[in-house]
């Protein structure tokens with residue numbers, strides 16, 4: 001018998017807040033976390049726009065060896081996971097006696113790779129790189145580090161699915177628990193915010209050039225959008241079987257009811273319409289929920305001209321004749337890359353539990369595709385029970401998750 005899968009804990013470290021309370025207020029007020037990084041201009045970037053995020057000081061909470069092995073995004077993930085476990089009522093004793101797993105989205109760890117190579121080139125001595133560099137530079141850095149720090153003994157691997165990584169990690173965790181293979185899994189996504197990690201995106205002219213007004217630069221679905229704004233941080237959700245959560249009296253924040261996925265199978269970087277439609281329709285079919293019951297769609301929409309256009313066409317095709325609210329929290333956060341699919345689940349759960357829908361800030365006028373959607377320019381105060389979250393990535397990977405309240 002298939003098991004129900006619920007969210008019992010959440011944690012976030014984002015440019016719009018370093019914890020759940022700060023993030024909730026930013027969403028409610030439509031507050032942007034985007035600014036300028038002068039170091040990017042000095043490094044030759046076309047655009048210095050980015051999510052502004054300070055690195056946490058972990059000297060008082062982690063030992064030297066643990067800190068040596070953690071890259072920037074691993075630090076964010078540690079803080080987010082501490083908050084998620086605490087909110088789930090999971091302590092050290094629980095982790096030592098239960099088979100808790102970890103699945104985390106992370107598709108690069110650029111800074112440690114560059115720093116290690118620079119040392120080898122300049123010093124002509126590999127020993128100078130240091131013993132922690134290998135554990136920082138691997139794509140699996142977050143899962144390997146957190147599994148050791150938190151003594152996790154269940155499933156343990158990293159999901160690399162481009163900008164859908166965090167969403168796929170949650171989807172896979174959902175499937176493993178649903179099938180009874182695990183009772184509890186820490187899932188999420190993390191993204192470094194240093195200038196090294198997104199240089200190639202800048203080279204592709206993927207970034208907005210609205211440096212004169214950073215908070216207005218990320219404008220998903222708006223006719224005058226001119227590119228995405230890079231960002232990052234980390235987001236963690238604790239997934240658990242409903243039976244396990246009820247047995248231990250854990251808080252149940254929401255229930256995941258479907259994971260849809262697909263591949264575009266065409267261009268490596270140009271999104272299409274048919275792939276997202278397939279992912280959306282699969283999620284709806286597996287959820288047993290009618291399209292008319294979806295009150296809110298957290299769109300992938302990154303503020304790129306073609307990406308937003310094609311997603312709008314896909315959403316309109318699937319929800320034709322209906323009018324769910326459609327908004328992208330990336331208007332406030334920028335594009336959190338490998339983290340986004342996980343953080344946007346948290347953003348949406350926070351909205352659902354607090355009876356509001358955050359505005360799609362900077363949306364003024366749509367194009368011929370986006371104007372067909374019900375995009376809120378201001379906060380909507382509304383009670384809703386079900387939402388859908390889209391995440392798409394390079395290589396044509398698509399993920400759609402449907403989440404509902406537990407009554």
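Below, the figures for the structure above:
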item	result
Matching option when the condition is surrounded by fewer than 16 Cβ atoms within 10 Å (Cβ to Cβ) and closer than 27 Å to residue 227 by Cα, among 111, 42	42
Elements of type strands (runs of 3 or more DSSP E) contained in region 1-71, each with 1 or more residues being farther than 25 Å from residue 303 by Cα and under 23 Å from the mean Cα position of the chain (by Cα)	5-13
Test: residue 84 is within 18 Å of the chain's Cα centre (by Cα) and assigned to a helix (DSSP H, G or I)	yes
Residue match in region 281-294 (condition: more than 14 Å from residue 398 (Cβ to Cβ), under 21 Å from the mean Cα position of the chain (by Cα) and in a loop (DSSP other than H, G, I, E, B))	yes
Residue ID - modelled with the lowest pLDDT, chosen from residues in region 174-207 that are over 20 Å from the mean Cα position of the chain (by Cα) and assigned to a loop (DSSP other than H, G, I, E, B)	204
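The values are calculated or read from the model by the stated rules, or taken from the named source; none is laboratory data. Keep in mind that this is a model prediction, so the values were computed, not measured. Using ideal geometry, Cβ is built from the backbone for each residue, glycine included, and neighbour counts are taken over all protein chains shown.
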